[in-house]
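Visitor: Got a structure for you, questions after.
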Amino acid sequence: MLYDLLVIGAGPGGYEAAAYAAKLGKKVALFEKTELGGTCLNVGCIPTKTFLRSAKALEDCHEASQYGVKTADAVLDMAAVQERKQKVVATLIRGVGGMLKGAGVEIIKGEARLLGKGKVACAGKEYEGANILIATGSVPAVPPIPGLKDNPAVLDSTGILELKEAPKELVIIGGGVIGLEFASFFATIGSKVTIVEMLPKIAPVVDEEIAKKLMAELKKGGIVFNLSCKVVRIEGNVLVFQDPEGKEQKVSGNYILNSTGRSPVLRGIGLEECGIDFDRRGIKTDEFGKTNVPGVWACGDVTGRCLLAHAATREGHVAVNNMFGIADRMRYSAIPSVIYTHPEVAQVGATEEELKSKGIAYRKAVMPMAIAGRFMVEYAGKSGTVKVLVSEKYGQVLGVHAIGGCCGEFIASACHMIELELRVEDVRQIVFPHPTVSEALKETVLHA
């Protein structure tokens, strides 16, 4: 039987692409060795957000008096948090399965491997397809730190999601998105959290002005930061690092979280045998999702381009469109990102540092979120900021960066502005609902 498309990997890139192709009337098979939904649904985006929602509920209880509500002492039940996480994940997995079944996608459980042009092997059978989409995702990176491997005190982003009790002390290697979200959760529920980061700033992809505000807020929550520090080794539950002056320092915890990034899944899927061009950063693709081998495409984390679930979904759609004759290309200028810490951070487009490095003339406006009345209603005693960068020459929106409130919910409006190359005057004509926190976005644009 010849399929129109064989998809390897059922994460957001793979399963969305499979369903989309099937809805176009194509015969599609989707291979997955574990659970539908990939890292994001099973051990990434969704489980971590359930944790963070529980922490937010605890925080709300502690701050309820600001809203005229008296509560007894609130405590977090980690076992109940885990139970809720499992229920949410299981429900969503069933939803993905139902969606794929409804679209007519054939789901094949097992580890798939490329055999050559148009051929895939899985569970002792061979399958042929006119196109193959590789969407094998990524796994936690394992840096060559002495004492890290096979150490029961060291957890990665998957293992830490299974803890039955909150650690009294947690040490985190890495101040990127993953490390910061776990730091926010555990600090909120009472753990003493220390972050050791090699770079001189946290959240390296975030606009520097916003990143500084984030670190200041997280420090208020008790998180300790050691920046510009290199991890030397791990001795049991003790992390040894070199401080900026070159002196060795030690910090211990019940657990050490390795959150040094993610690595694409490249081994054992037949890339070498098929002659597909890749390096340690991922499979090389063009703006259409093509690899160097005709009929073989790739999307998501395995390409190393943009390790975000929503970017993977769009990359998968672009690949499907192009393989079936619909003109499309991938653009990354308006891909949003959110850090679900407390406070939340959201951004899309260029940072101020990027504009400076490229010599692009710009104007900027930085406004408090409290300019929107709804923010003051919803976030008593909290601060928030919206930063907007616009072109000096044409006035179009180039970048939007925010911290505080529900900025991850209104950043999509900023995506539209950048994708459609809207100018300040264009945004002036858009009506935002009142009262909403999103009004802070519009007001900041109008001040740029």
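Visitor: Yes or no: the range 230-250 includes at least one residue that is within 19 Å of PHE186 (Cβ to Cβ) and part of a loop (DSSP other than H, G, I, E, B).
Guide: So far as the range 230-250 goes, yes, one or more of its residues are within 19 Å of PHE186 (Cβ to Cβ) and part of a loop (DSSP other than H, G, I, E, B).
Visitor: Out of LYS212, LYS164, LYS219, report the one residue that is among the basic types (Lys, Arg), assigned to a loop (DSSP other than H, G, I, E, B) and not assigned by TED's automatic domain parsing to the domain that holds LYS356.
Guide: Values: LYS212 fails: assigned to a loop (DSSP other than H, G, I, E, B); LYS219 fails: assigned to a loop (DSSP other than H, G, I, E, B).
When all the criteria are applied, what remains is LYS164.
Visitor: Only one of VAL81, VAL142 is farther than 15 Å from LYS33 by Cα and in contact with a Ser or Thr (Cβ under 7 Å, 6 or more places away or on another chain). Can you tell me which?
Guide: Working: VAL142 fails: in contact with a Ser or Thr (Cβ under 7 Å, 6 or more places away or on another chain).
Selected residue: VAL81, the only one of VAL81, VAL142 that is farther than 15 Å from LYS33 by Cα and in contact with a Ser or Thr (Cβ under 7 Å, 6 or more places away or on another chain).
Visitor: For the range 212-258, give me each residue that is under 25 Å from GLU353 (Cα atoms) and touching a residue at least 24 places away in the same chain (Cβ under 8 Å).
Guide: At the first step, the residues of the range 212-258 found to be under 25 Å from GLU353 (Cα atoms) are 212-219, 225-230, 244.
Once the filter is applied, which keeps residues that are under 25 Å from GLU353 (Cα atoms) and touching a residue at least 24 places away in the same chain (Cβ under 8 Å), the range 212-258 yields LYS213, LEU214, GLU217, LEU218, PHE225, ASN226, LEU227, SER228, CYS229, LYS230.
Visitor: A follow-up question, please. When you check GLY129 against the structure, is it over 30 Å from GLY190 (Cβ atoms), of a type outside the set (Val, Ile, Thr) and under 27 Å from the mean Cα position of the chain (by Cα), yes or no? Break it down into steps so the answer makes sense when it comes.
Guide: Numbers: over 30 Å from GLY190 (Cβ atoms): yes; of a type outside the set (Val, Ile, Thr): yes; under 27 Å from the mean Cα position of the chain (by Cα): no.
For GLY129, the condition - over 30 Å from GLY190 (Cβ atoms), of a type outside the set (Val, Ile, Thr) and under 27 Å from the mean Cα position of the chain (by Cα) - is not met.
Visitor: Determine which single condition ASN292 fails, assuming it passes every other condition in (1) out of contact with any helix residue (DSSP H, G or I) (no Cβ under 7 Å at 6 or more places or on another chain); (2) surrounded by 19 or more Cβ atoms within 10 Å (Cβ to Cβ); (3) farther than 30 Å from LYS220 by Cβ.
Guide: (2)
Visitor: Can you work out which of the residues in the range 256-278 that are within 22 Å of the chain's Cα centre (by Cα) and not hydrophobic (A, V, I, L, M, F, W, C) is farthest from LEU308 (Cα to Cα)?
Guide: ASN258
Visitor: Restricting attention to the range 206-249, report how many residues are more than 26 Å from ALA365 (Cβ to Cβ) and among the aliphatic types (A, V, I, L, M).
Guide: Within the range 206-249, residues that are more than 26 Å from ALA365 (Cβ to Cβ) and among the aliphatic types (A, V, I, L, M) number 9.
Visitor: Please specify each residue of the range 114-138 satisfying the condition of being farther than 15 Å from CYS274 by Cα and part of a strand (DSSP E or B).
Guide: CYS122, LYS125, GLU126, TYR127, SER138
Visitor: So VAL88 passes all but one of these: (1) in contact with a helix residue (DSSP H, G or I) (Cβ under 7 Å, 6 or more places away or on another chain); (2) surrounded by fewer than 18 Cβ atoms within 10 Å (Cβ to Cβ); (3) farther than 25 Å from THR341 by Cα; (4) hydrophobic (A, V, I, L, M, F, W, C). Which condition number does it fail?
Guide: With respect to (1) in contact with a helix residue (DSSP H, G or I) (Cβ under 7 Å, 6 or more places away or on another chain); (2) surrounded by fewer than 18 Cβ atoms within 10 Å (Cβ to Cβ); (3) farther than 25 Å from THR341 by Cα; (4) hydrophobic (A, V, I, L, M, F, W, C), VAL88 is out only on (3).
Visitor: Also, quick follow-up: Read through the list (1) buried (at least 21 other Cβ atoms within 10 Å of the Cβ); (2) more than 30 Å from ALA183 (Cβ to Cβ); (3) touching a residue at least 60 places away in the same chain (Cβ under 8 Å), then give the number of the only condition that THR285 fails.
Guide: In the conditions (1) buried (at least 21 other Cβ atoms within 10 Å of the Cβ); (2) more than 30 Å from ALA183 (Cβ to Cβ); (3) touching a residue at least 60 places away in the same chain (Cβ under 8 Å), THR285 misses (3) alone.
Visitor: Between a first residue in the range 78-96 that is within 16 Å of PHE185 (Cβ to Cβ) and a second residue that is exposed (fewer than 11 other Cβ atoms within 10 Å of the Cβ), which pairs have beta carbons less than 9 Å apart while being 6 or more apart in sequence or on different chains?
Guide: Once the first residue is within 16 Å of PHE185 (Cβ to Cβ) and sits in the range 78-96, its partners that are exposed (fewer than 11 other Cβ atoms within 10 Å of the Cβ) give MET78/LYS164; MET78/GLU165; ALA79/LYS164; ALA79/GLU165; GLN82/LYS164.
Visitor: Any residue that is assigned to a loop (DSSP other than H, G, I, E, B) and either under 23 Å from the mean Cα position of the chain (by Cα) or assigned by TED's automatic domain parsing to the domain that holds PHE31 (or both) - is there at least one of those in the range 52-66? Give the derivation first.
Guide: Pass one, the range 52-66, residues assigned to a loop (DSSP other than H, G, I, E, B): 63.
Now narrow it down to the ones that are either under 23 Å from the mean Cα position of the chain (by Cα) or assigned by TED's automatic domain parsing to the domain that holds PHE31 (or both): 63.
Scanning the range 52-66 turns up at least one residue that is assigned to a loop (DSSP other than H, G, I, E, B) and either under 23 Å from the mean Cα position of the chain (by Cα) or assigned by TED's automatic domain parsing to the domain that holds PHE31 (or both).
Visitor: Can you name the number of the only condition in (1) farther than 30 Å from ASP60 by Cβ; (2) acidic (Asp, Glu); (3) free of Cβ contacts under 8 Å to residues at least 24 places away in the same chain that GLU128 fails?
Guide: Condition not satisfied by GLU128: (3).
Visitor: Restricting to the range 130-183, what's the tally of residues that are of a type in the set (Lys, Arg) and touching a helix residue (DSSP H, G or I) at 6+ places or on another chain (Cβ under 8 Å)? Show your work before the answer.
Guide: Let us first name the residues in the range 130-183 that are of a type in the set (Lys, Arg), namely 149, 164, 168.
Next, from what is left, pick out any that are touching a helix residue (DSSP H, G or I) at 6+ places or on another chain (Cβ under 8 Å): 164.
Count: 1.
Visitor: Scan the range 132-159 for residues that are closer than 19 Å to VAL251 by Cα, touching a residue at least 12 places away in the same chain (Cβ under 8 Å) and either of a type in the set (D, E, K, R) or crowded, with 20+ Cβ neighbours inside 10 Å (or both) and jot them down.
Guide: Correct list: ILE145, LEU148, VAL154, LEU155, ASP156.
Visitor: Within the range 58-66, can one find any residue that is among the polar types (S, T, N, Q) and buried (at least 17 other Cβ atoms within 10 Å of the Cβ)? Outline the logic, then answer.
Guide: Going through the range 58-66, the residues among the polar types (S, T, N, Q) turn out to be 65-66.
Narrowing the set further to residues that are buried (at least 17 other Cβ atoms within 10 Å of the Cβ) leaves none.
Within the range 58-66 (the criterion being among the polar types (S, T, N, Q) and buried (at least 17 other Cβ atoms within 10 Å of the Cβ)), the answer is no, since none of the residues qualifies.
The values are calculated or read from the model by the stated rules, or taken from the named source; none is laboratory data. Remember, predicted model here, so these are calculated numbers, not experimental data. Positions of Cβ are backbone-derived with ideal geometry, glycine not excepted, and every protein chain shown enters the neighbour counts.
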